[in-house]
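For reference, the structure is listed below as C-alpha coordinates.
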Amino acid sequence: MKVQHAQDLGNGHSIEIGAATWDPSDRSVRNRYQTASGGFSPHSSSEIPVDDLVPLIEFLAKHDELSIEQCAKVINALSVSILRQAGK
(Lines give C-alpha, C1' and ligand atoms only; values in the text may rest on other atoms or scores of the structure.)
Protein backbone atom coordinates (compact mmCIF):
# COMPACT_ATOMS: atom_id res chain seq x y z
CA MET A 1 0.00 0.00 0.00
CA LYS A 2 1.27 3.45 -0.89
CA VAL A 3 0.10 5.55 2.07
CA GLN A 4 -1.23 9.03 1.26
CA HIS A 5 -2.99 9.90 4.53
CA ALA A 6 -2.51 8.57 8.06
CA GLN A 7 -4.08 9.24 11.43
CA ASP A 8 -2.41 8.19 14.68
CA LEU A 9 -4.87 6.70 17.17
CA GLY A 10 -2.29 6.15 19.93
CA ASN A 11 -0.61 3.07 21.42
CA GLY A 12 0.99 2.10 18.09
CA HIS A 13 -2.37 2.06 16.30
CA SER A 14 -3.08 4.12 13.19
CA ILE A 15 -5.37 4.21 10.17
CA GLU A 16 -3.94 4.74 6.69
CA ILE A 17 -5.49 5.54 3.30
CA GLY A 18 -3.75 5.15 -0.03
CA ALA A 19 -3.21 3.24 -3.25
CA ALA A 20 -4.14 -0.42 -2.80
CA THR A 21 -1.50 -3.14 -2.65
CA TRP A 22 -3.30 -5.25 -5.26
CA ASP A 23 -3.88 -2.41 -7.79
CA PRO A 24 -2.45 1.11 -7.50
CA SER A 25 -5.53 2.52 -9.26
CA ASP A 26 -7.74 1.25 -6.38
CA ARG A 27 -8.05 2.98 -3.00
CA SER A 28 -7.75 1.11 0.26
CA VAL A 29 -7.75 1.73 4.00
CA ARG A 30 -5.56 -0.10 6.49
CA ASN A 31 -5.96 -0.58 10.23
CA ARG A 32 -2.26 -0.59 11.19
CA TYR A 33 -0.66 -1.86 14.38
CA GLN A 34 3.03 -1.01 14.82
CA THR A 35 5.48 -3.76 15.79
CA ALA A 36 8.45 -3.32 18.15
CA SER A 37 10.79 -3.25 15.11
CA GLY A 38 8.95 -0.27 13.58
CA GLY A 39 7.15 -2.25 10.89
CA PHE A 40 3.63 -3.58 11.09
CA SER A 41 2.03 -6.97 11.33
CA PRO A 42 0.11 -7.91 8.15
CA HIS A 43 -1.93 -10.35 10.25
CA SER A 44 -3.34 -7.68 12.57
CA SER A 45 -3.18 -4.78 10.09
CA SER A 46 -5.90 -5.52 7.58
CA GLU A 47 -6.17 -3.60 4.29
CA ILE A 48 -9.58 -3.37 2.65
CA PRO A 49 -10.91 -1.64 -0.47
CA VAL A 50 -12.53 1.73 0.22
CA ASP A 51 -15.53 0.54 -1.84
CA ASP A 52 -16.16 -2.19 0.77
CA LEU A 53 -16.68 0.32 3.59
CA VAL A 54 -20.28 1.22 2.69
CA PRO A 55 -21.59 -2.37 2.70
CA LEU A 56 -19.62 -3.05 5.90
CA ILE A 57 -21.16 -0.08 7.70
CA GLU A 58 -24.64 -0.89 6.34
CA PHE A 59 -24.29 -4.49 7.58
CA LEU A 60 -23.16 -3.35 11.03
CA ALA A 61 -26.07 -0.89 11.21
CA LYS A 62 -28.59 -3.51 10.07
CA HIS A 63 -27.59 -5.70 13.00
CA ASP A 64 -27.32 -2.82 15.54
CA GLU A 65 -23.62 -3.51 16.11
CA LEU A 66 -22.78 0.20 16.40
CA SER A 67 -23.75 2.13 19.52
CA ILE A 68 -25.84 5.28 19.26
CA GLU A 69 -22.67 7.29 19.96
CA GLN A 70 -20.75 5.47 17.20
CA CYS A 71 -23.62 6.03 14.74
CA ALA A 72 -23.67 9.74 15.63
CA LYS A 73 -19.91 10.03 15.02
CA VAL A 74 -20.22 8.36 11.61
CA ILE A 75 -23.21 10.53 10.65
CA ASN A 76 -21.36 13.68 11.73
CA ALA A 77 -18.18 12.77 9.81
CA LEU A 78 -20.18 11.94 6.68
CA SER A 79 -22.18 15.20 6.95
CA VAL A 80 -18.96 17.22 7.14
CA SER A 81 -17.59 15.32 4.12
CA ILE A 82 -20.76 15.98 2.10
CA LEU A 83 -20.59 19.71 2.88
CA ARG A 84 -16.88 19.85 2.03
CA GLN A 85 -17.37 18.00 -1.28
CA ALA A 86 -20.44 20.07 -2.22
CA GLY A 87 -18.42 23.25 -1.70
CA LYS A 88 -15.76 22.28 -4.26
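Just to be sure before I move on: is residue 67 of a type in the set (S, T, N, Q) and surrounded by fewer than 10 Cβ atoms within 10 Å (Cβ to Cβ) in the structure I sent? When the stated conditions are applied, residue 67 passes them.
Among residues of segment 1-27 that are on the phi < 0 side of the Ramachandran plot and hydroxyl-bearing (Ser, Thr, Tyr), those with a Cβ under 8 angstrom from a residue that is surrounded by 15 or more Cβ atoms within 10 Å (Cβ to Cβ) and outside any strand (DSSP E or B), sequence gap 6+ or separate chain, pair up as 21/1.
Identification of strands (runs of 3 or more DSSP E) wholly contained in the chain with 2 or more residues that are within 16 Å of the chain's Cα centre (by Cα) and of a type in the set (S, T, N, Q) yields 2-10, 27-33. Taken as a whole, the structure leaves residue 13 outside the set of residues that are at pLDDT below 95, of a type outside the set (Phe, Trp, Tyr) and exposed (fewer than 10 other Cβ atoms within 10 Å of the Cβ).
The values are calculated or read from the model by the stated rules, or taken from the named source; none is laboratory data. Keep in mind that this is a model prediction, so the values were computed, not measured. Cβ sites come from the backbone with ideal geometry, for glycine too, and all protein chains shown count toward neighbours.
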